[in-house]
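The values are calculated or read from the model by the stated rules, or taken from the named source; none is laboratory data. These numbers come from a predicted model, not from an experiment. Virtual Cβ from ideal backbone geometry, glycine too; neighbours counted across all protein chains shown.
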Amino acid sequence: MEIIKALPNQKIIKSLLIIFLSSLLITISAKIKIPFYPVPMTMQTFVVILVGITFGWKIGVATISLYLFEGLIGLPVFAGTPEKGIGLTYFVGPTMGYLVGFIFATFVAGYLNFNTNILFVFLKLIFSVSIIYILGILWLGNLIGWDKPILELGLKPFLFAELFKISLLTILSKKLITFRKFI
């Protein structure tokens, strides 16, 4: 944070630095798997929402756009890359809906007011994360067929992990929004 504070008159440079570092944080969060039954959990959705809350919707959307661009051009930034492919081939696979959902979820998390009571913060975070899963399930259904158990594959294994991440963000949200004044 000292680097950001040292550049008070350099708003564009600060914003670009935050966007770059945040996309790096999303990449790291995609690569670290936390053992969680039945599906390992990454902290990717946590960081996506965290970026929106912390820096607002403009920097949040710019960060996710950079992250997706990095993945599209073949950098191994997505979870499961390079093992499961890279670039456009990986992007249009089963996770595309979730990845696109990151943009909308970050926008919502960055746009909503989190200076409310804890219950409303929790509900707003559920709404933000739900966008990722709605778009993810819609894409997954189109890709593998609606006759498959889409909810069993694309939602149910992640519910407890998301509840944990949303709870953690609920606790942290009041502190996170204070960082917006440094931009």
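Scanning region 169-183 for residues that are out of contact with any helix residue (DSSP H, G or I) (no Cβ under 7 Å at 6 or more places or on another chain) and within 19 Å of Thr45 (Cα to Cα) yields a total of 4.
Considering region 64-87, and only residues there that are touching a Leu at 6+ places or on another chain (Cβ under 9 Å) and touching a residue at least 40 places away in the same chain (Cβ under 8 Å), the residue that is nearest to Ile166 (Cα to Cα) turns out to be Ile64. Checking the structure you have, find out if any residue of region 45-66 is part of a loop (DSSP other than H, G, I, E, B), over 12 Å from the mean Cα position of the chain (by Cα) and modelled with pLDDT of 95 or more. The answer is no; no qualifying residue exists.
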